[in-house]
Amino acid sequence: MNTAKRGRLALIGAVAVGAVVALSGCASGDPLDGGDAGSGDSETLIVGSQDYYSNEIIAEIYAQALEENGFTVDRQFRIGQREVYLPDIEAGKIDVFPEYTGSLLQALDEDAAGGTSDEVHTALGEALPEGLRVLDAAEASDQNSWTVTQDFADQYELTDLASLENVTEPMTVGGNSELETRPYGPIALKEKYGIEIAGFVPVEDSGGPLTVKALVDGDIQLANIYTADPNIKSNSLIALDDPDGLFFPDNVVPVVSEKVDDKAADVLNTVSAALTTDVLVDLNSESVNDKKSADKIAAAWLKEAAIF
Amino acid sequence: MNFFLDAIAWIFDPANYAEPGGIVSRLLEHLLFTFVTLVFASVIAIPLGYLIGHTGRGRGFAIAGAGGLRALPTLGLLTLVALWVGIGLEAPYVALTILAIPPILAGAYTGFEAIERGTIDAARAVGMSEGQIVAKVEVPLGLPLLIGGIRSATLQVVATATLAAYVADFGLGRYLFAGLKTRDYAEMLGGSILVILLALVLEGIFALVQRLVVPRGVIAGRPEDVRARPIRSRAATGTPVTEGRSS
């Protein structure tokens, strides 16, 4: 064996060892293994969040509030959409997760009836599996809405969903594909209010900038945009009132595991008590318009709110 | 794990052929979108590629430029264009045309470059004008490589054209987006299988075309590859024996 060959073997060996070390590092860093690893240390609470900027801000607020009150927190943010993380919450791998009452209730129980914020909150508590509970809901809500432009609303004197019957021109709806078949979608508008929808245009960015642009440009007349979206304010959009409860109320609420004791629950309830819709819109605006990171937004708000 | 069987069942479910938005019309939309995109890309890339291939100028620019275009993430580009021109088919057409340009451009100029210089010199020597050289020598001889470029562009476009459904009610991508969000995985996989089938059919057609466009003169003039067969048997060419050492 000559030296060149030996050198190459040594190189391959080094790469292999490096790869094994790196991969084992990955294995122990698996975000969803944390539940078992942390079970010995009952003080560490795993806080998760959806892959949605606003949800991450709320999760960061929970995490920082818990830390300020002496808890150790493991952040597992931006896990995905509900279908991805719900099994992990149900399996108890995440201890604190910011959720939305109505949407979570519908995900757990397809036949759930709607109602007021309180009714939905109570129903959600009953629908959650063993070992999970919801704490107090915040006043802040971030829910689906039928949104129109200010001009369109003025032209036809629109205030709530029923007033859409004033509209004489054909209306096109835009939103994610699933909106077409959702219980509050175009079909419900026709069945509940007798409003004719001329067409459906898929815009797959969940009420994001493309949907807002389509609405402002007049390519679509009705869009599904979340009520805490700062774009509503900055683009003079109107989220139509929903007096009959077509949409489920979606108040922000922490879903917690049994590892969250009374002291931690008090901390989270104190946060929820201070979290109003106006606050949530402002927080979202700091992310969307000022491009600030979630941890900075959360820290600034906690300092300003002075609840601890 | 019967997703695959569910997807096959979804494809053959007559309910999914009900118009509007049935499988047949989605397939045709997808094909139309792919075809129009390829026409746009060809109109831009082929003349440019021929110019580069014939003159030999700007080759470095073309390679770098085309490489850069290839690296553009199509969904990001589509979103960017859509934020500018609004929703509808314009943004997907722009994004996918940019995706299709690099392989066609490469096919056009490499087709010219692969021609033996002696052939072109001969054409010039018998008095052909530059225009005649391009039209009668370079274009026919470069055609197989150009078709190869279009073939690879077609494959990319037909697969990526699902993104048209991101901002428009168009094409097979509708099944993918709708299935994903409503967790209807049979619909999603069924839509994907249709895209794959379409891609395979187009691949087959192009493979055939690529063979047919080789000029007859080129086939007739191909020298038989005599080196493919060994002239002598291997046993006659051994290595000299070195005695007294074992290796």
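The values are calculated or read from the model by the stated rules, or taken from the named source; none is laboratory data. Everything numeric here is computed off the predicted structure, so don't read it as measured data. For neighbour counting, all protein chains shown are included, and Cβ atoms are generated from backbone atoms with ideal geometry for every residue, glycine included.
For the reader, a short list of remarks on this structure follows.
- Some residue of segment A:168-178 being more than 24 Å from B:Lys181 (Cα to Cα), free of Cβ contacts under 8 Å to residues at least 24 places away in the same chain, in a loop (DSSP other than H, G, I, E, B) and away from chain B (no Cβ under 14 Å): yes
- Scanning segment B:188-214 for residues being crowded, with 20+ Cβ neighbours inside 10 Å and either touching a strand residue (DSSP E or B) at 6+ places or on another chain (Cβ under 9 Å) or more than 16 Å from B:Val24 (Cβ to Cβ) (or both) gives a total of 2.
- Test: A:Ile220 is touching a Gly at 6+ places or on another chain (Cβ under 8 Å) and of a type in the set (A, V, I, L, M): yes
- Matching residues in segment B:8-38 - criterion: being among the charged types (D, E, K, R) and surrounded by 13 or more Cβ atoms within 10 Å (Cβ to Cβ): B:Asp13, B:Arg26, B:Glu29
- The listed residues are A:Asp219, A:Asp136, and the only one of them that is among the acidic types (Asp, Glu) and within 14 Å of another protein chain (Cβ to nearest Cβ) turns out to be A:Asp219.
- Screening segment A:94-128 for residues that are at pLDDT 90 or above and outside any helix (DSSP H, G or I) and picking the one that is farthest from A:Asn55 (Cα to Cα) gives A:Leu128.
- Residue count for segment A:90-102, restricted to those that are surrounded by fewer than 20 Cβ atoms within 10 Å (Cβ to Cβ) and under 20 Å from A:Tyr62 (Cα atoms): 2
- Of the numbered criteria (1) within 14 Å of chain A (Cβ to nearest Cβ); (2) within 27 Å of B:Glu113 (Cα to Cα); (3) among the aromatic types (Phe, Trp, Tyr), the one B:Tyr50 fails is (1).
- Condition met for B:Ala82 (more than 19 Å from the chain's Cα centre (by Cα), in a helix (DSSP H, G or I), buried (at least 17 other Cβ atoms within 10 Å of the Cβ) and in contact (Cβ under 8 Å) with a residue 24 or more places away in the chain): yes
- Residue check for B:Ala64: away from chain A (no Cβ under 14 Å) and out of contact with any Leu (no Cβ under 8 Å at 6 or more places or on another chain): yes
- Lone qualifier among A:Ile195, A:Ile220, A:Ile232 - being β-branched (Val, Ile, Thr), in contact with a Leu (Cβ under 6 Å, 6 or more places away or on another chain) and surrounded by 14 or more Cβ atoms within 10 Å (Cβ to Cβ): A:Ile195
- For segment A:290-308, the tally of residues that are under 20 Å from A:Thr270 (Cα atoms) and either small (Gly, Ala, Ser) or surrounded by 16 or more Cβ atoms within 10 Å (Cβ to Cβ) (or both) stands at 10.
- The residues of segment A:236-256 that are out of contact with any strand residue (DSSP E or B) (no Cβ under 8 Å at 6 or more places or on another chain) and either within 14 Å of another protein chain (Cβ to nearest Cβ) or of a type outside the set (A, V, I, L, M, F, W, C) (or both), listed by number, are A:Asp244, A:Gly245.
- Boolean, B:Ala41 is at pLDDT below 90 and surrounded by 18 or more Cβ atoms within 10 Å (Cβ to Cβ): no
- Residue check, B:Arg174 buried (at least 19 other Cβ atoms within 10 Å of the Cβ), within 14 Å of chain A (Cβ to nearest Cβ) and either on the phi < 0 side of the Ramachandran plot or touching a residue at least 60 places away in the same chain (Cβ under 8 Å) (or both): yes
- Some residue of segment B:226-246 being modelled with pLDDT of 65 or more and either within 30 Å of A:Glu204 (Cα to Cα) or assigned to a helix (DSSP H, G or I) (or both): no
- Unique match (being outside the structural domain of A:Ser287 (by TED's automatic domain parsing), in contact with a Pro (Cβ under 6 Å, 6 or more places away or on another chain) and β-branched (Val, Ile, Thr)) among A:Ile197, A:Ile225, A:Ile187: A:Ile197
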